[in-house]
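**Student:** Before we start, here is the structure in question, set down as structure tokens.
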Amino acid sequence: MPTPVHAPDLTLVIDIGKSHARLLLFDARGTVLEQHARANASVDSAMGYPALDVHGLERWMQASLRGSENARRCGHVIACTHGAALVALDGAGADAGLAWEPLDYEYAALDGAAAQDFAAGNDFGETLSPELPAGLNAARQLWWMENTHPAAWRRTRCLVPYAQYWAWRLSGVACSEVSSLGCHTHLWNPHTGDFSRLARARGWAQRFAPLRSAWEVLGPVRADVAAPWGLPAAARVHVGVHDSNACLARYLPGALDGAAQAEQTLLPALTLVSSGTWTVLMAPGAPASALVAGQDMLANVDVTGRLTPTARFMGGREFAHLLDGACADAAGPQDLRALVAERLHAYPAFAAQGGPFAGRAGCVLWQDRPLPAPLADALSARQRAALAALYCAQMSCWLIHALWGARSAAQHTVIVEGPLAHNRNYLLALQALLPGARCHASVDAVEGTARGAWCLVQRAHARHAARLEPVAPVPLPGIADYHRHWLRQLQECTSSKV
């Protein structure tokens with residue numbers, strides 16, 4: 001009996017994060033029919049530096065999809081990837097190859113003494129891109145390659161962001177896209193929607209492939225790729241997107257068409273809290289004038305090209321430090337109330353990288369007296385779980401006010417994605433710290449990056465762009481005074497950074 005032939009009705013999302021990569025096959029209703037995952041780590045390049053494992057990822061994708069019946073039904077493909085990643089090609093056509101293996105942005109040599117010469121070329125007022133460690137400013141990767149490996153740099157004919165590398169690999173069409181170019185790269189001027197003076201002066205701007213919108217179709221899967229990947233030749237390849245901006249796109253008027261857009265117009269003064277190792281707060285519509293480079297505040301650029309004020313702290317790592325081995329769900333609202341009543345405070349920072357208080361040693365005070373380490377010897381698991389949740393809520397609240405200034409909390413809509421969206425104490429504390437604000441938690445079973453990428457493909461058919469649950473306020477007596485005390489203790493540190 002012949003194998004049934006299915007219409008190409010599925011969407012393949014290639015979701016590549018810094019630590020993990022996933023393949024998800026969605027149907028037209030947004031249900032995941034099949035998914036594959038693997039750990040993602042850098043590899044040693046032939047030139048001696050750590051590189052993104054593009055070859056290993058491709059072999060894994062081929063092996064995962066080649067035997068899949070669902071892959072044969074794939075009608076659309078889109079990639080969403082982490083930022084601070086660029087790929088250099090030795091040509092712009094389908095027959096090009098890598099000019100050099102793409103750098104891992106955590107490569108410590110990118111943060112050497114010579115980086116000071118590079119930093120002098122960036123104007124924060126123009127790019128709203130602060131100086132970040134190692135290669136987190138993607139332009140530093142270009143500067144390092146140009147000055148350290150000139151022969152490899154001479155092979156560079158075309159530059160593409162990481163998501164667009166996979167689009168090129170599948171379609172043979174090279175392009176660039178603004179959400180990756182505008183992700184703290186130093187390469188983009190979000191005020192003008194064009195390359196920065198630094199990018200133009202160094203000749204980098206001219207090497208980037210032409211700009212296309214994240215949702216655009218570049219063409220079908222190239223013939224020499226379809227069979228090894230197990231994809232139908234008719235599958236259409238989309239431009240692709242920076243992962244955090246894929247998550248944000250579902251809430252932006254103009255980023256999605258159709259029924260979903262009506263919902264998005266109901267989100268005034270939106271702050272999206274995307275949690276993980278980093279807790280990233282994106283506030284479309286907030287004033288760019290509020291951004292302070294020394295407080296790890298910057299501008300992202302959304303998929304429509306609009307400037308998006310952003311702030312962040314290393315929430316996942318700090319949460320784990322304060323848990324000190326406790327279960328994140330060990331505490332309940334009663335533990336939050338006890339913590340507030342007993343004046344048990346955590347003051348930043350508990351991670352070495354990023355955030356508005358980077359470089360300041362964190363401490364835990366009980367009624368203004370420091371607790372010795374380890375916390376597990378001084379506090380119960382319930383206390384540590386409550387403290388970790390409340391600390392992250394206070395940091396999130398601080399950053400929301402830093403982004404929006406004097407705007408009343410009653411005008412805010414806050415949406416929480418990622419692990420913190422499943423932590424009830426964090427959500428209750430955040431709502432209590434922002435009285436009158438509309439706080440929501442994402443209850444989508446699919447992570448926001450992959451869901452957002454699917455929505456960009458299904459722009460006219462994304463009936464459920466976001467699955468949100470409002471946070472019901474729960475009384476936390478004394479939390480306003482508790483937070484004011486916390487702010488007073490931070491005032492000296494904050495003013496020294498402004």
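**Student:** Please say if the stretch 377-431 is rounded, prolate or oblate, where rounded means a/c under 1.5 for a ≥ b ≥ c the square roots of the C-alpha gyration tensor eigenvalues, and otherwise the choice is prolate for a/b larger than b/c and oblate otherwise?
**Tutor:** prolate
**Student:** Which FRET efficiency, nearest 0.05, do Q411 and E146 yield, Cβ-Cβ r, R0 35 Å?
**Tutor:** Calculated transfer efficiency: 0.15.
**Student:** How much accessible area per residue does the chain have, counting only protein heavy atoms and a probe of 1.4 Å, in square angstrom?
**Tutor:** For the chain, the per-residue accessible area is 38 Å².
**Student:** What do you reckon, how do R200, R59 stack up by accessible area (1.4 Å probe), largest on top?
**Tutor:** Largest to smallest exposure gives the sequence R59, R200.
**Student:** Continuing with the same structure: Going by a ≥ b ≥ c, the root eigenvalues of the Cα gyration tensor, does the stretch 296-360 fall in the rounded group (a/c under 1.5), the prolate group (a/b larger than b/c) or the oblate group?
**Tutor:** It is prolate, given that a/c is not under 1.5 and a/b is the larger ratio.
**Student:** A follow-up question, please. Relative to the longest principal Cα axis of the chain, at what angle does helix 162-171 sit, 0 to 90 degrees, rounded to 10?
**Tutor:** So the helix axis and the longest Cα principal axis differ by about 30 degrees.
**Student:** How far, in degrees from 0 to 90, does helix 448-457 lean away from the longest principal axis of the Cα atoms of the chain, to the nearest 10?
**Tutor:** The helix 448-457 is inclined about 40 degrees to the chain.
**Student:** Please arrange E69, E177 by accessible surface area, largest first, computed with a 1.4 Å probe and ligands excluded.
**Tutor:** Largest accessible area first, the residues go E69, E177.
**Student:** How much of the calculated P(r) for the stretch 275-325 lies past 14 Å, in percent of all Cα pairs?
**Tutor:** So the portion of pairs separated by more than 14 Å is 57 percent.
**Student:** In whole Å, how far is the Cα centre of the stretch 119-178 from that of the stretch 44-91?
**Tutor:** If you average the Cα positions of each part, the centres end up 18 Å apart.
**Student:** Among rounded, prolate and oblate, which fits the stretch 115-206 when a ≥ b ≥ c are the square roots of the eigenvalues of its C-alpha gyration tensor, a/c under 1.5 means rounded, and a/b larger than b/c means prolate?
**Tutor:** It is oblate, given that a/c is not under 1.5 and a/b is not larger than b/c.
**Student:** Sticking with this structure for a sec: Compute the acute angle (0 to 90°) between the alpha-carbon long axis of helix 479-497 and the principal axis of greatest extent of the alpha-carbon atoms of the chain; round to the nearest 10°.
**Tutor:** 60
**Student:** Follow-up. What's the carbon and sulfur percent of the chain's accessible surface, probe 1.4 angstrom, rounded to a whole number?
**Tutor:** Roughly 53 percent, rounded to a whole number.
**Student:** With each label point set 7 Å from Cα along the Cα-Cβ vector, what nm distance links R200 and R459?
**Tutor:** Rounded to a tenth, the inter-label distance reads 2.8 nm.
**Student:** A further question on this structure: Calculated from DSSP H runs of 4 or more alone, at -39500 (n - 2.57) each and per residue, what is the 222 nm mean residue ellipticity of the chain, nearest 500?
**Tutor:** Calculated mean residue ellipticity at 222 nm is -9000 deg cm²/dmol.
**Student:** Semi-axes of the chain's equivalent ellipsoid from the Cα gyration tensor, sqrt of 5 times each eigenvalue, largest first, rounded to whole Å?
**Tutor:** Value: 38, 27, 21 Å, ordered largest first.
**Student:** Additional query: Report the local net charge at G75: Lys and Arg +1, Asp and Glu -1, summed over other residues whose C-beta lies under 15 Å from its C-beta.
**Tutor:** After counting each charged neighbour, the total is +1.
The values are calculated or read from the model by the stated rules, or taken from the named source; none is laboratory data. Here the structure is a predicted model, which is why all the values come from computation and not from measurement. FYI the Cβ positions are ideal-geometry reconstructions off the backbone, even for glycines, and counts take in every protein chain you see. Please note that ligands, DNA and RNA were not included when accessible areas were found on the heavy atoms of the full protein model with its side chains. Shrake-Rupley method; radii C 1.70, N 1.55, O 1.52, S 1.80 Å.
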